[in-house]
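Beneath this line is the structure, given in structure tokens, with notes to follow.
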């Protein structure tokens, strides 16, 4: 029979900062002869020509320190106890935005095959910091909403009458050292005392929203 690597789950979507595992499976047929086994996990990011080594087990031996790109040192490991079951499970801890991409799982064990797995990383805009300030010397208020997440969110503003005020808002963003978007939206308005105003951070790609 042909040696075939299989992936039970071709796509993973995980939360930034969490721990995750992804796996590919290979036929063992009896008890595993570890000395014959080579497992290579590599990551390729969109727009980058070169792959990064995530973890390499060659002829049953892992290098010490592991043979891997600096981005994954201390965070990526292979669950060795699962190999005898024909499961090459890669564990990544404290997932970063830059971990997203396409992962190659190559197995060489009495035959060679490989498969690709896609990892997407999201960071929900969980906490919105809202501030209301009066404009000095004017009969106007400044309403400011700020939050961090990934991918880039759109910010919508509305009042109780669900009038869309987004056109009047000034929304800017910066990138944090973690690769998250720090989004700030400012709305200046002349208040109608009976109105409540809300800002909504909408993450189009994840179809998720948070409001304040």
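Using all alpha carbons of the range 1-45, what is the percent of pairwise distances in each 5 Å bin, ordered from the shortest bin to the longest?
5, 12, 21, 25, 16, 10, 8, 3, 0
Considering the chain as a Gaussian network with a 10 Å cut-off on Cα pairs, which listed residue, 95, 14, 73, attains the greatest mean-square fluctuation?
73
Let me know the Rg and Dmax you get for the range 11-122 when you use only its Cα atoms, in Å.
That works out to 13.6, 42 Å for Rg and Dmax.
Given springs between every Cα pair under 10 Å in a Gaussian network model of the chain, which of 160, 148, 42 has the largest fluctuation?
In this elastic network of the chain, the residue with the biggest mean-square fluctuation among 160, 148, 42 is 160.
Please report the relative contact order for the range 129-211, taking Cα pairs under 8 Å with a sequence separation of at least 6, and give it as a percent rounded to a whole number. Each step should come with its number before you reach the end.
Numbers: 155 pairs, mean separation 27.1, N = 83.
It comes to 33 percent, rounded to a whole number.
Given a cut-off of under 8 Å on Cα pairs at least six residues apart, what relative contact order in percent is computed for the chain? Before the final figure, lay out each step's value.
On the way: 482 pairs, mean separation 40.1, N = 212.
Reported as a whole number, the value is 19 percent.
Specify, per residue and in Å³, the volume enclosed by the convex hull of the alpha carbon atoms belonging to the chain. Spell out each step's value before the answer.
Working: hull volume 30.9 nm³, N = 212.
Spread over its residues, the Cα hull of the chain gives 146 Å³ apiece.
From the Cα gyration tensor of the range 129-211, with a ≥ b ≥ c the square roots of its eigenvalues, which class applies: rounded if a/c is under 1.5, or else prolate if a/b is larger than b/c, or else oblate? Before the final figure, lay out the partial values.
Working: a/c = 2.81, a/b = 1.60, b/c = 1.76.
Oblate.
Most mobile of 136, 27, 151 per a Gaussian network model of the chain (Cα springs, under 10 Å)?
Looking only at 136, 27, 151, the largest GNM fluctuation is found for 136.
In whole angstrom, note down how far apart the Cα centers of the range 16-40 and the range 120-148 are.
Cα centroid of the range 16-40 versus Cα centroid of the range 120-148: 46 Å apart.
Each reported figure results from applying straightforward, stated rules to the coordinates on display, with no laboratory input. Bear in mind that the values here come from a model prediction, so they are computed numbers and not experimental data.
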